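Step one of this worksheet: look at the structure below.
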Amino acid sequence: MEAKAEAKYVRMSPRKVRLVVDQIRGATVNDAYALLQFSKKAAAEPISKTLRSAVANAQYRAEEEGDFVDVDDLVVSAAYVNEGPTLRRWRAAAMGRAAPIRKRMSHITIVVDTKE
């Protein structure tokens, strides 16, 4: 039973989020929960919410089909981060100039599947 969840427009740089996503890719859901819970990275919180949503989606889809999915049997089969839109701001710089500030956003996608 494959299920997917996306978190869009997360106000965090994709480069920072990918550091955490790379750690949970391929892990069982319970291992991923434990890793995210004790991670010091700020990106762990939105990733954890997205993972919980993907697991809930898997349980819902299984229930719709009259099946049962155990959380212990789920694996993070795919997890990736795409770049979202960038907020462009300007900061005053020396000699009357303006320096750009780019506030980046991320789109987090997590796919869970049953063990094969």
Checklist entry - Just a yes or no: is a residue in the stretch 1-16 assigned to a helix (DSSP H, G or I), in contact with a strand residue (DSSP E or B) (Cβ under 8 Å, 6 or more places away or on another chain) and over 16 Å from THR109 (Cα atoms)? => result no
Checklist outcome for this item: Wholly inside the stretch 48-113, strands (runs of 3 or more DSSP E) that include 2 or more residues that are of a type in the set (Ser, Thr, Tyr) are 74-83
Checklist outcome for this item: Residue count, the stretch 25-43, condition in contact (Cβ under 8 Å) with a residue 24 or more places away in the chain and not in a loop (DSSP other than H, G, I, E, B), comes to 4
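None of the figures in this text is laboratory data; all of them are computed from the coordinates on show. As the structure is a computational prediction, the values presented were derived from the model and not from experiment. Positions of Cβ are backbone-derived with ideal geometry, glycine not excepted, and every protein chain shown enters the neighbour counts.
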